[in-house]
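Visitor: Pasting a structure below so you can have a look.
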Amino acid sequence: GAGVSQTPSNKVTEKGKYVELRCDPISGHTALYWYRQSLGQGPEFLIYFQGTGAADDSGLPNDRFFAVRPEGSVSTLKIQRTERGDSAVYLCASSTGQGVMNTEAFFGQGTRLTVV
Amino acid sequence: DQQVKQNSPSLSVQEGRISILNCDYTNSMFDYFLWYKKYPAEGPTFLISISSIKDKNEDGRFTVFLNKSAKHLSLHIVPSQPGDSAVYFCAAARNTDKLIFGTGTRLQVFP
């Protein structure tokens, strides 16, 4: 597709369960970002990939959160032992990774995660 | 520690008038600032940016002003249109580092 695609668009899970959120970036974009947006807040940085490697994972809140991008394209954000506080919209963005990367970051529509 | 602040959660403006959205930041190391616009159920979309070496950048109806000494930037939309109604996020970055977002301002443009 032409844009960043995130699946599922909505996910409801029970507390303690494991979830995976998928991001398909724009073809050819080497940089990929994950953000989390809680109600009434701005997007909060989680992790940034350049190619297959995590260039900056300083935003991951704890070791229950993990993300991979094994082939440098699709990325999966994995959350173990989900807690109600994990409920948020998880946003993925991609960019060409050239120049000032952030101006070329295109966001997906997000995955709304609800932990009950 | 909120490094990027948008102190007005909402703003209501009449169509045709100017909308002014404000943003303050605390980290003097930021050297790039951006505005994103977000409609419900969609991801943020890039609107306009400004480098710290400039104090103004204009793109059509949108102008961003940067006051480094005050650590303040603003987005001006003129004339405002109903389609501009959305949540606007200010964001800042250092070099090509991650974006730090503000909490957003909901703009409503009424006829």
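The values are calculated or read from the model by the stated rules, or taken from the named source; none is laboratory data. Note that the structure is predicted; figures quoted are calculated from it, not measured. Every residue, glycine among them, receives a Cβ derived from its backbone with ideal geometry; neighbour counts consider all protein chains shown. Surface areas here come from the heavy atoms of the whole protein model, side chains and all, with no ligands, DNA or RNA. Shrake-Rupley method; radii C 1.70, N 1.55, O 1.52, S 1.80 Å.
Visitor: Strands (runs of 3 or more DSSP E) wholly in region B:9-111 with at least 1 residues that are of a type outside the set (A, V, I, L, M, F, W, C) and more than 12 Å from chain A (Cβ to nearest Cβ) - which ones?
Guide: Correct list: B:10-14, B:19-25, B:56-59, B:62-67, B:72-77, B:105-110.
Visitor: Restricting to region B:45-91, what's the tally of residues that are open to solvent by less than 50 Å² (accessible area, probe 1.4 Å), under 18 Å from B:Gly16 (Cβ atoms) and in contact (Cβ under 8 Å) with a residue 40 or more places away in the chain?
Guide: 6
Visitor: Just to verify a result, which residue in region A:93-103, among those that are at the interface with chain B (Cβ under 8 Å from one of its Cβ atoms) and within 20 Å of A:Gln37 (Cα to Cα), is modelled with the lowest pLDDT?
Guide: Restricting to residues being at the interface with chain B (Cβ under 8 Å from one of its Cβ atoms) and within 20 Å of A:Gln37 (Cα to Cα), the top hit is A:Asn102.
Visitor: Here's another thing I want to ask about it. Suppose we keep only residues that are within 14 Å of chain B (Cβ to nearest Cβ) and of a type in the set (A, V, I, L, M, F, W, C) within region A:50-66. Which one would you say is least open to solvent (accessible area, probe 1.4 Å)?
Guide: Of everything passing the filter in region A:50-66, A:Leu60 is least open to solvent (accessible area, probe 1.4 Å).
Conditions tested, residue by residue: (1) part of a strand (DSSP E or B); (2) on the phi > 0 side of the Ramachandran plot; (3) crowded, with 21+ Cβ neighbours inside 10 Å; (4) out of contact with any Gly (no Cβ under 7 Å at 6 or more places or on another chain).
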{"position": "A:Gln41", "(1), (2), (3), (4)": "no, no, no, yes"}
{"position": "A:Thr82", "(1), (2), (3), (4)": "no, no, yes, no"}
{"position": "A:Ser94", "(1), (2), (3), (4)": "yes, no, yes, yes"}
{"position": "A:Gly97", "(1), (2), (3), (4)": "no, yes, no, yes"}
{"position": "A:Gln109", "(1), (2), (3), (4)": "no, no, no, no"}
